[in-house]
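Shown next, in structure tokens, is the structure this report addresses.
The values are calculated or read from the model by the stated rules, or taken from the named source; none is laboratory data. Please read all numbers here as calculations on a predicted model, not as lab measurements. All Cβ positions, even for glycine, are placed from backbone atoms using ideal geometry, and neighbour counts span all protein chains on display.
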Amino acid sequence: MKNYNFDENFVWGVATSSYQIEGAAGDDGRGASIWDEFCKIPGKVVNGENGDVACDHYHRLDQDLDMMADLGIKAYRFSIAWPRVQPEGKGAFNEKGLAFYDRLVDGLLKRGMQPFATLYHWDLPQALQAAQQGWESRDTAYRFADYARKIGSVLGDRVASIATHNEPWCTAWLGNATGYFAPGNEDLKKAANVSHHLLLSHGLALQALRADGVKAPLGIVLNQSPAHGATNSPEDLAAASLEYAKFVSWYMDPIFKGKYPAEALQWYGDNGPQGVIREGDFGIIGTPMDFLGINYYTRIFASASGPKRPPGELGFTDMDWEVYPQGLTELLARLNAEYTLPPVYITENGCAVNDSVVNGRVHDRERIDFYDLHLAALADAASLGVDVAGYFAWSLMDNFEWASGYAKRFGMVHVDYATQKRTLKDSALWYRDVIARHAAQADSLEA
Ligand code: FCB
């Protein structure tokens, strides 16, 4: 175990998302989401899997909360399924759906854990997709603000924070440019327009929540990576710079600087979002935030001649993502130099390991090393002056890994999908010790 210190208010958490764990897709009036539809398209998800049952968390809420409490987890980042609480994406709210999140939040508080809510982790009500092409439509941003306002009125007094979006880059790019995620479009212009409407919806939601006097800290969760050239040739360095602009600056600049990055705008050319930007949008998008959530998994390795495999000195995860912890320090230091950041949470970090239960144990040494190295990298960023407020491991338990289905296991708890049995992996026991040790350190600091 590496020796990292964080300040005594540092938040130790785990993260999940609604569609990946809840299941109960047809229960208690939940509407369909774009992921329910997407999973039906042959070839889109490995083995044709879907989130109908997932970890059955909807029916096992108390058991899962007890398990988290036993691990000493201090904070839980979850997302709310919009179609569960507002089946059509507009109009009537579903009391039974709202009641589930009410129980979840109360259940966390009762066990001494802080609820970190995310409003949108990709499960858009299918009704909005069918009626108005989802995020292609500006109106969807206003519907999102209405939904946010409702959640604020129901949970806003008890949650520790509210994030508007999880990884809007994935929604826009993977959902609309590459077709890898729902709704499965392959159209650059759609992706650009969607990204603008997502950012707009973020700002509108913040404004709506503030207007209603919601006291919980508000922010957004962005997936980010530093980008390196495969070589130091000017062409590869230019490719890296462009990838960074499209991936990171495309979301950071509108929020913190009131504009899209010129380099990426130029790359989009006629396919850019120009046609859907209205006067005043950047003022809304730039509504001040109380925190920034960053999901970090790996770096971008760019070359002018297309994707290149990075060296992977520390290996690759089961997703074939390079293990590159120092990228987290580099990223945070760069962001801190370039923007005036609010406190930063690492809202996701973790790795897929192809692990299995042997004699009741799961020896996921790779995952322990992964977390350990990234926590050390995070501590390095803190020592460079980044205001680091907390860390959420992805994920509490194995779950539905989107287009990869159930084969990719990201959990610190193993899930046997046939029986729904949960087994603590070695990494969960390790994390429990890290949290406990930190608490002991914090006590001795106070004394
Ligand atoms: C992130 C997603 C999360 C999970 C991890 C592995 O991009 O936010 O839902 O799938 O990747």
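Quick rundown of the values:
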item: One residue from A381, A393 being at negative phi, within 16 Å of the ligand (Cβ to nearest atom) and touching a strand residue (DSSP E or B) at 6+ places or on another chain (Cβ under 8 Å); result: A393
item: All helices (runs of 4 or more DSSP H) inside segment 1-114 with 3 or more residues being of a type in the set (A, V, I, L, M); result: 61-70, 95-110
item: Qualifying positions in segment 5-22 - among the aliphatic types (A, V, I, L, M) and within 14 Å of the ligand (Cβ to nearest atom); result: V14, A15, I21
item: Subset of segment 256-276 (residues that are surrounded by 18 or more Cβ atoms within 10 Å (Cβ to Cβ) and either in a loop (DSSP other than H, G, I, E, B) or within 16 Å of the ligand (Cβ to nearest atom) (or both)); result: Y260, P261, G272, P273
item: Scan of segment 160-201 for residues that are within 30 Å of V105 (Cβ to Cβ), within 16 Å of the ligand (Cβ to nearest atom), not polar (S, T, N, Q) and not in a helix (DSSP H, G or I), ordered by number; result: A163, H165, E167, F181, A182
item: Matching residues, segment 300-319, being farther than 23 Å from H121 by Cβ and within 16 Å of the ligand (Cβ to nearest atom); result: F316
item: Exclusive hit being surrounded by fewer than 19 Cβ atoms within 10 Å (Cβ to Cβ) and at pLDDT 95 or above, set L429, L424, L396, L375; result: L429
item: Pairs, first farther than 21 Å from G286 by Cα in segment 158-175, second within 11 Å of the ligand (Cβ to nearest atom) and aliphatic (A, V, I, L, M), C-beta under 9 Å, six or more apart; result: L174/A403
item: Residues (surrounded by fewer than 19 Cβ atoms within 10 Å (Cβ to Cβ) and either within 16 Å of the ligand (Cβ to nearest atom) or not β-branched (V, I, T) (or both)) located in segment 347-365; result: N354, S356, N359, G360, R361, H363, R365
item: Single unsatisfied condition, Y142 versus (1) over 20 Å from P254 (Cα atoms); (2) of a type outside the set (S, T, N, Q); (3) surrounded by fewer than 19 Cβ atoms within 10 Å (Cβ to Cβ); result: (1)
item: Tabulated pairs, segment 414-431, first without any contact (Cβ under 8 Å) to a residue 60 or more places away in the chain, second hydrophobic (A, V, I, L, M, F, W, C), C-beta under 8 angstrom, 6+ apart or interchain; result: H414/V357; H414/V362; H414/M397; H414/L424; D416/V357; K421/V415
item: Residues within segment 225-250 that are in a helix (DSSP H, G or I), of a type in the set (S, T, N, Q) and surrounded by 19 or more Cβ atoms within 10 Å (Cβ to Cβ), tallied; result: 1
item: Any hit, segment 348-361, residues being among the acidic types (D, E) and not in a loop (DSSP other than H, G, I, E, B); result: yes
item: Residues satisfying the stated conditions in segment 205-224, i.e. touching a helix residue (DSSP H, G or I) at 6+ places or on another chain (Cβ under 7 Å), surrounded by 24 or more Cβ atoms within 10 Å (Cβ to Cβ) and assigned to a helix (DSSP H, G or I); result: A205, L209
item: Selection status of L332, within 16 Å of the ligand (Cβ to nearest atom), crowded, with 23+ Cβ neighbours inside 10 Å, part of a helix (DSSP H, G or I) and not polar (S, T, N, Q); result: no
item: G405 vs. criteria over 19 Å from S225 (Cα atoms), at pLDDT 95 or above and either within 16 Å of the ligand (Cβ to nearest atom) or not hydroxyl-bearing (S, T, Y) (or both); result: yes
item: Members of segment 59-114 found to be of a type in the set (G, A, S) and more than 30 Å from E8 (Cβ to Cβ), listed by number; result: A81, G89, G91, A92, G97, A99
item: Matching residues in segment 373-423 - criterion: being assigned to a helix (DSSP H, G or I), more than 16 Å from G13 (Cβ to Cβ) and more than 16 Å from the chain's Cα centre (by Cα); result: L373, A376, A377, A379, D380, A381, A382, S383, S404
